[in-house]
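FYI, it's all coordinate maths here, none of it is from the lab. Quick caveat, the model's predicted, so the values are computed rather than measured. So basically every Cβ, Gly included, is an ideal-geometry build from the backbone, and we count neighbours across all protein chains shown.
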Amino acid sequence: MTRAAAVAILARVAELDLLRADEAPEAPAAPVPDPDPRAGGPAGPDGNADLDGREGPDGRGEVDPAAAAIPAGPGPGNDLDDEELLQRAAALLFASPDPLSTERLVHLLERPEKARVRSALADLGQRLSQARLPIALAEIAGGWRLLTRPELAEVIQRLAKVQRLEKVTPAALETLAIVAYRQPVTSAEVEAIRGVQSGPLLRALVDRGLVRVTGRADQPGAPLQYGTTREFLDRFGLASLKDLPRDGELARD
């Protein structure tokens, strides 16, 4: 993937309000020390780090400790009728500040059959759509969330008018695109693609939770490697890294 294509694709996915335009000025490429690992975790078996420090079944996602401890077989939640199950699932999604995986919902609903929870989620999404409410059910960052519809973004943004907008700079978006599509990647590899120093931008992205240290490269000096986080998926509305658009999808738009 070319540098221009990666930047264009991420720019089309979403607009991030993350970095100030005057942050991390450009400078000629020069060796800079790698930032200290922050929330770093071991890389997955395929060299790709998990999304938030814990290895998932696919080498990328998080394993929910509560879900992993669910006893075998249905529990008291399986006695709920379909309507009550849907109502409780909707209440949990509404109250949660983070996406809830299907396994987490099974745990919180006292172990109804997973197929019933999936059916309740599908029914909930269909009802919200048919009712033409400004809320939709979306699968994001490996879980489910209730979100406002995209066409209402301009109205909702008025709530934050009093806050200082922090727009992502083109340089930061470019760096984030390289990490997203080439991870795990070192600072030197990012700078080789961009042609300019990228250490300050990587540190800023780490500070904001979009990029994390995933391990060290098997090369002289053992430089730090970087990958994206679950927060990255959440901010861009992606269920997993597999949902990142590719060159062909951009060309069709």
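The slack in the chain from Ala136 to Phe94, taken as 0.36 nm per residue of separation less the alpha-carbon distance, amounts to 14.0 nm.
Please state the shape class of segment 103-190: rounded when a/c is under 1.5, otherwise prolate if a/b exceeds b/c and oblate if not, all from the C-alpha gyration tensor.
Oblate, because a/c is 1.5 or more while a/b does not exceed b/c.
Work out the charge dipole of segment 65-141 with +1 on the Cβ of Lys and Arg and -1 on the Cβ of Asp and Glu about the Cα centre, then indicate which of Ala91, Ser101, Pro76 is farthest towards its positive end. The listed residue farthest towards the positive side: Ser101.
Working from Cα pairs under 8 Å separated by at least six residues, relative contact order for segment 65-141 is 36 percent.
With contacts taken as Cα pairs under 8 Å and at least 6 residues apart, segment 70-228 reaches a relative contact order of 16 percent. Indicate the gyration tensor shape class of segment 177-246 (rounded, prolate or oblate), computed on the Cα atoms with a ≥ b ≥ c the square roots of the eigenvalues: a/c under 1.5 is rounded; otherwise a/b larger than b/c is prolate and the rest oblate. Prolate, because a/c is 1.5 or more and a/b exceeds b/c. Each Lys and Arg adds +1 at its Cβ and each Asp and Glu adds -1 at its Cβ; summed about the Cα centre, segment 92-163 shows a dipole of about 120 debye. Using θ = phi - 60° in the Karplus curve 6.51 cos²θ - 1.76 cosθ + 1.60, the 3J(HN,Hα) couplings for segment 95-106 round to 7, 7, x, 10, x, 10, 6, 4, 5, 5, 5, 4 Hz; x is entered for Gly and Pro.
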